[in-house]
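What follows is a short report on a single structure.
Rule-based calculations on the coordinates, nothing more; no lab input. Computed from a predicted structure; not experimentally measured. Cβ: placed from backbone, ideal geometry, glycine included. Neighbour counts: every protein chain shown.
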Ligand SMILES: Cc1ncc(COP(=O)(O)O)c(C=O)c1O
C-alpha cells in the first residue's frame, strides 16, 4: 500500500466528510456537548459518553497527530505539561528512576523536581547529546526522557542510539518533539516508545491555544495513558482541539517557511560583526550536525546566538526590534525573541546556567514566517543599538 504523504494526512486524517450519516462537513464540527445521550444504558452512542472520556472533535485531532507522528495512538491534553503529568504518573511508580536530558525545558524539570519526586520517583539529568553518558544506568531506571533539538542550545540527541540503550536496560524512551515538529522528525520511527508535544507551539502555530499530546504505537502503554487522561481529566477542550486541528493543516507549509527564513538569518548573523556564536543544527560547525542530518528532514526555525556585549547591550537589543516580539514561547507564525538568562531560564542558578552554556549574552529567536527582508532588517536595526 502506498503511504499517504504528510500534507495530505495533515489535512484529511480525522476529518473525512460523512455523507452517509452526517451532513458532509469537510471540517470536523466542534462538539461542545459535555455529555452524550443514548437509547440503551449499555450502549453509548457511537462510543461517546462524556467529553472528558471521549469527544469527537478531540478524537479527530488525536487521530491526526498520531498519523503525523507515524504512531498508532494519540492523546490530546490541555497543555504540554498536563500531557507530561499524565505520562510520568501513568508509567512510573514509587522507587523508579528517570534519566532526563540536560538542557530540558524548565517546566519539565520543575514538574520532575516538585511533583513527581514527591511520590518517591528519582531523576537525574545527563548530557544525552553524548550517548556515552548512558554508559552506566541505575537498575531501577524506567524512563529515559529527552528533547531534541534542545532548548535553548539546540543540542541534538541521537534518538535511535539512546532509545536502543534504554530498551536494552528495560527502560521506556520518551522524546519531546516540540522543537522539530512531526514534519521534520518522527522519533517513533527511530525506536522511541512515546512522543510528547507541547501543541501550543508549531503544531497549533498561531499562539492562540495551549495544548499537549502523547503519541505511541505500544498498545499497553496507550491503555494506561488513556485511562489516566480520563482519570486526571486534563483534556483538551473541543474548541482548542478545533483551533489546533485548523493550525495543523498548514504545518508543512509553515515549517518550510520557518526553515527557509531561519537558514537565511543564520547566514546573516554569522556575517555580523557583533555576533559571537550562532547555534543552529544545520551548521556544519554544530557539534551534533551529523546526527541532525541523519535523523531530521529539516533543521527547524529556532536559532540561538550570542552578542558580543554586556547586560545593558543585551537589553538594548531586546527592546529595539519591531517584528521580533520580546516574549516567551515559540513556533507561531510571528517571530519571537527571548533572553534565556533573564526569561525562560532565569530560575536556574547562574553557575549552573554558565556550566551548561546558557550565558548572559545568549539570545533565542523563534523565526516566524514574515517576509525575510523585514526580519533581517529588524535584527540589523536592533544590533545597531548594541
Ligand atoms: C520543549 C517544550 N516542552 C514542553 C513544554 C510545555 O508545554 P506547555 O507550555 O504547552 O505546557 C514547553 C513549553 O514551552 C516546551 O518548550
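Against the globular-protein guess of 2.2 N^0.38 Å, express the Cα radius of gyration of the chain as a ratio, rounded to two decimals. Mind showing how you got there, number by number?
On the way: Rg = 21.3 Å, N = 386, 2.2 N^0.38 = 21.2 Å.
Taking N as the residue count of the chain, the ratio is 1.01.
In degrees from 0 to 90, rounded to the nearest 10, what is the angle of the helix 372-383 Cα long axis to the longest principal axis of the chain?
Once rounded, one gets 50 degrees.
If each residue's Cβ is checked for other Cβ atoms within 10 Å, how do 207, 293, 136 rank with the fewest at the top? Walk me through the intermediate numbers first.
Values: 207 19, 293 15, 136 5.
If I rank by nearby Cβ atoms, fewest first, I get 136, 293, 207.
Comparing 40, 308, 25, which has the greatest mean-square fluctuation in the GNM of the chain with Cα pairs linked when under 10 Å apart?
40
Which of rounded, prolate or oblate describes the stretch 283-374 when judged by the alpha-carbon gyration tensor and an a/c cut-off of 1.5? Each step should come with its number before you reach the end.
Numbers: a/c = 1.87, a/b = 1.11, b/c = 1.69.
Oblate, because a/c is 1.5 or more while a/b does not exceed b/c.
Considering only 37, 76, 325, give the residue with the highest GNM mean-square fluctuation for the chain, with springs between Cα atoms whenever their separation is below 10 Å.
37
Just rank 124, 102, 263, fewest to most, by other beta-carbon atoms within 10 angstrom.
On the way: 124 12, 102 23, 263 19.
Fewest-to-most Cβ neighbours within 10 Å comes out as 124, 263, 102.
From the Cα gyration tensor of the stretch 111-202, with a ≥ b ≥ c the square roots of its eigenvalues, which class applies: rounded if a/c is under 1.5, or else prolate if a/b is larger than b/c, or else oblate? Walk me through the numbers on the way to the answer.
Working: a/c = 1.66, a/b = 1.23, b/c = 1.34.
Judged from the Cα gyration tensor, the stretch 111-202 comes out oblate (a/c at least 1.5, b/c at or above a/b).
What is the angle, in °, between the Cα long axis of helix 159-168 and the longest principal axis of the Cα atoms in the chain? Nearest 10 is fine, range 0 to 90.
Long axis of 159-168 versus the principal axis of the chain: about 60 degrees.
Angle between the Cα long axis of helix 251-270 and the longest principal axis of the chain, 0 to 90 degrees, nearest 10?
Orientation of helix 251-270: about 10 degrees from the principal axis.
How would you rank 10, 285, 79, 359, going from fewest to most other Cβ atoms within 10 Å of each one's own Cβ? Walk me through the numbers on the way to the answer.
Details: 10 23, 285 10, 79 19, 359 14.
So the ranking, lowest neighbour count to highest, is 285, 359, 79, 10.
Once you order the gyration tensor axes a ≥ b ≥ c over the Cα atoms, which shape class does the stretch 1-94 get: rounded for a/c under 1.5, otherwise prolate or oblate by comparing a/b with b/c? Display every interim value, and only then the final one.
Working: a/c = 2.09, a/b = 1.09, b/c = 1.93.
Oblate is the answer for the stretch 1-94, as a/c is 1.5 or above yet b/c matches or exceeds a/b.
Between 198, 132, 237, where does the largest GNM mean-square fluctuation fall for the chain, given springs only between Cα atoms within less than 10 Å?
Largest GNM mean-square fluctuation: 132.
Roughly what % antiparallel, to the nearest 5, for the DSSP beta bridges in the chain? Present the calculation step by step, with values, prior to reporting the outcome.
Details: 25 of 44 bridges.
Around 55 percent of the beta bridges assigned by DSSP in the chain are antiparallel ones.
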